[in-house]
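Asks: Take this structure, written in structure tokens, and hold onto it; I'll ask about it next.
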């Protein structure tokens, strides 16, 4: 009996010593190695298995998920006969938010996360990323302003497709934004265009343009501003002529001795 008790104490001590939580550089003991060490592909890496060498496989043609929109007007911003883009936001998407006001609120949130870094909060294309691109000399990568006529008159479906698929240096956001969130961003961009109609008259900054020439010296307060010599318009009445000699300017009064 005594020997059994001693054996039980030794076994318990050994078990407790094994659970002290010490770190080890040895490989863990795994019973089924093929479940622990599985072969995998990295994103955008090359595959030696598929004929097209792509690891990121396209969806099987004709396969749809249960949650997937099947209406091409909602899903792709295209007409049902695929003859062009839808002109306005589908009412089904507006109804999914419970009206245009909740849709704009959601669009503002999504726009602030995904669009503001490049397009700015007003849509003028002067976001923080744009400023850094200009500072680094990457003027060719500047995004456009939403307030130009081309984008003002673009069909809503085409703007939606740009959000989904990207364009030029803009990445696609189809995997990060749901169908209705993309339409919400389109609605908010239209709201920005209506709220800032005069921004379309502003010309974007050209980082390659030469610096402006230094201005002429300031005219004394006692003399009227003279027109430049390059203009042919006559001087306004009461102003000093542009060719007036310096001697015609009034001299300061002599100080009393």
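The values are calculated or read from the model by the stated rules, or taken from the named source; none is laboratory data. Quantities reported herein were computed from a predicted structural model and do not represent experimental measurements. Please note: Cβ atoms are built from the backbone with ideal geometry, for glycine as well, and neighbour counts cover all protein chains shown.
Asks: Please specify each residue of segment 58-74 satisfying the condition of being out of contact with any helix residue (DSSP H, G or I) (no Cβ under 8 Å at 6 or more places or on another chain) and assigned to a loop (DSSP other than H, G, I, E, B).
Replies: 58, 59, 60, 61, 62, 63, 64, 65, 66, 67, 70
Asks: Take the conditions closer than 18 Å to residue 112 by Cα and at pLDDT 75 or above and apply them to residue 195. Does it pass?
Replies: Answer is yes for this residue.
Asks: Answer with yes or no whether residue 76 is under 20 Å from residue 175 (Cα atoms) and either surrounded by fewer than 16 Cβ atoms within 10 Å (Cβ to Cβ) or touching a residue at least 40 places away in the same chain (Cβ under 8 Å) (or both).
Replies: yes
Asks: Within segment 165-187, track down each residue that is surrounded by 17 or more Cβ atoms within 10 Å (Cβ to Cβ), in contact (Cβ under 8 Å) with a residue 40 or more places away in the chain and under 14 Å from the mean Cα position of the chain (by Cα).
Replies: 173, 177, 185, 186
Asks: Further question on the same structure: Suppose the filter is surrounded by fewer than 10 Cβ atoms within 10 Å (Cβ to Cβ), assigned to a loop (DSSP other than H, G, I, E, B), at pLDDT below 85 and within 29 Å of the chain's Cα centre (by Cα); does residue 29 pass it?
Replies: Spelling it out, it is not the case that residue 29 is surrounded by fewer than 10 Cβ atoms within 10 Å (Cβ to Cβ), assigned to a loop (DSSP other than H, G, I, E, B), at pLDDT below 85 and within 29 Å of the chain's Cα centre (by Cα).
Asks: Further question: Quick check, is residue 121 without any contact (Cβ under 8 Å) to a residue 24 or more places away in the chain, surrounded by fewer than 16 Cβ atoms within 10 Å (Cβ to Cβ), over 23 Å from the mean Cα position of the chain (by Cα) and over 17 Å from residue 162 (Cα atoms)?
Replies: So residue 121 fails the test.
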